[in-house]
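Worksheet: the structure to be examined is printed underneath.
Just so it is clear, none of the values below were taken in a lab; they were calculated from the coordinates. In this text the structure is predicted, and so the values were computed from the model without any measurement. Every residue, glycine as well, gets a Cβ built from its backbone with ideal geometry; the counts of neighbours run over all protein chains shown.
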Amino acid sequence: MHIIATIPFVDLRVQYHQIKPEIDSAIHRVLARGEFILGEEVEAFEEEFAHFCETRHAVGVASGTDALVLALLALGVGPGHIVLTTPFTFVSTVAAVLRVGARVEFLDIDPVSYNIDPTGLERFFAMRTKVTTDGVIDTRTGNRVSVILPVHLYGQPAEMGSICALAERYRIPVVEDAAQAHGARYKGRRVGTFGSAGAFSFYPSKNLGAYGDGGAVVTNDPDLAARLRSLRNQGRRGKYEHVVEGLNSRLDALQAAILRVKLDYLEAWNEARRKAARRYDTLLGGLDCIRTPGILAGAEPAYHLYVIRVQERNSLQEALESRGIRTGIHYPIPVPLQPAYRRLGIREGMFGLSESAAQEVLSIPMFPEILEEQQRVVCQAITAWANNRPPLARAWQ
C-alpha cells in the first residue's frame, strides 16, 4: 500500500525540539521561583519585546484580543465612538471594538496586500464626516470617529504612510492590529509602532508564539503604557486600590519565560519564512491560474501565512489534501457577514473585494523549519492540479 507523507500546515513540534533545553530550563526557572502572575519574568519580557519592536514600552496581557480591547479602552474609546477597520480579518479585530461598546465602520481592502485601502479611508472622511470642536463626526450616525484600526494581515504590512497621514490630518489615533506581523517592517520601521498603540498576539502558531494564550500592547506613550498596566490588572493602582474598571488580563510568567527564549530566534525565524516565501514565489510564478502574495512598496513582510489566490479554491484544496498536504483558509467569511455579526446590518455585495478574496484565498504550508523538499512537493502538487484544468481555466480571469 502506498503511504502518503503528510506535510503539515504548521509544525510546532519541530521548533520545540530544536530549542527544547532552553525552553525546559526557562520553565523550570519559573517553577523554582514560584512567581507565576506578572513579576520579574514578565517585566523582563516586556523590556525585551519593546526593544525588539523598537518602541519604548510593551505591556504583556492575556491574549491578542485583550491587547486590542485594552488599547481601545486606554484611549477612551466606548459608546458613541466609531472605529474604522477592515471586514477581511480574524474576528477578534471586530469583537474588540464591539466589546468596548463602540461602533465599527468597515472599509474595503486593497487587493494587493488584503489590508485596509487608504483610498477608501480618504473617501470616508471626505464624504461622511465633518470636523467640529468635538472631533470628527460621522454625519450619518452622529458618532465621533475615534480610532483607525488597520490590520497587518498575514504578516503583510498595511500602507501605513497614507493611513498615518490621514490620521494626523484629522487628529485621530491609530491602533495597529499586528497580531500576525511580529517583526514586519514598513519603510524600515517595525509595524506596531506607527500609531498610538500596536496590539500583538502570542497564540502558539504565531511567528512569536507562546505555549498558550498571550498578547502585548506596544506604545511610545508613557501615560498610555501606565493606563494599560492598570487596566490589565483590574484597574489596580495599589494592591487593593482600584481606580478604574479594568480586566483580568495578565500575561503569566511561564508564557513570558517561553517567549523570552523564542524572542532570541525570531529574527532568524522570520528570515527563514521570507526565504521560504521567495522559493514559493519562484516555484509558483509560472502558473497563470495562481496569484502569489503581492507586497506593497517599502514593505518587509513577516509571512505569518503564505496565501495564494485561486478561483477554484475548493478543488485545489481537496487535491492537496488528497496528497497529504495540509492547508488553511484565512478567512472564508468576512467578519460582518458572520452569523454572530449579522446584527451590524452588512449585506452581501457591500464589500466586493473582501468577499471575493474570502472565496479565493488559500494558505499553504508555511513555518520557519519547512524544508525545500517539502515546498517542492507542495508546488508540484499545485502544478499537477493546474495542468489538469481546462485550458480556459488556467489563466486568471
Region 170-242: chymotrypsin sites (Phe, Trp or Tyr not before Pro) in DSSP coil with no more than 12 other Cβ atoms inside 10 Å | Tyr240
Pick from Gly212, Gly246, Gly188: which is most flexible by mean-square fluctuation in a GNM of the chain where alpha carbon atoms under 10 Å apart are linked?
-> Gly188
For Arg99 and Asp288 in one chain, what is 0.36 nm times their gap in residues minus the Cα-Cα distance, to one decimal in nm?
-> 63.7 nm
Among beta bridges assigned by DSSP with both residues in the chain, the antiparallel ones amount in percent, to the nearest 5, to 65 percent
When Lys and Arg each count +1 and Asp and Glu each count -1, what net charge do the other residues less than 11 Å away from Thr119, Cβ to Cβ, add up to?
-> -4
What dipole magnitude, in Debye to the nearest 20, does region 13-263 give about its Cα centre under +1 on Lys/Arg Cβ and -1 on Asp/Glu Cβ?
-> 180 debye
Gain on full stretching of the segment that runs from Arg236 to Thr119 - 0.36 nm per residue minus C-alpha separation = 38.0 nm
Label Glu22 and Arg279 with points 7 Å out from Cα along Cα→Cβ: what is the distance between them in nm?
-> 2.2 nm
How much length, in nm to one decimal, is gained on full extension between Lys187 and Thr6, taken as 0.36 nm per residue of separation minus their Cα-Cα distance?
-> 61.4 nm
Under the Karplus relation 6.51 cos²θ - 1.76 cosθ + 1.60, θ = phi - 60°, what is the ordered set of whole-Hz ³J(HN,Hα) values for region 282-289, x standing for Gly and Pro?
-> 5, 5, 9, x, x, 9, 5, 8
Proximal charge balance of Leu353 [Cβ under 9 Å; K/R count +1, D/E count -1] | -4
Report the one residue of Thr65, Tyr303, Gln255 whose Cα lies farthest in the direction of the positive end of the charge dipole of the chain (charges on C-beta: Lys and Arg +1, Asp and Glu -1; origin at the Cα centre).
-> Thr65
Within region 156-244, which trypsin sites (Lys or Arg not before Pro) sit in a loop by DSSP and count at most 15 neighbouring Cβ atoms inside 10 Å?
-> Arg171, Lys187, Lys239
So what's the net charge close to Tyr203: Lys and Arg +1, Asp and Glu -1, counting the other residues with Cβ under 15 Å from its Cβ?
-> -2
The chain: most fluctuating residue of Gln15, Gln311, Gln255 per GNM, C-alpha cutoff 10 Å = Gln15
Please identify, among Leu247, Leu344, Leu259, the residue showing maximal mean-square fluctuation in a Gaussian network model of the chain using a 10 angstrom Cα cutoff.
-> Leu344
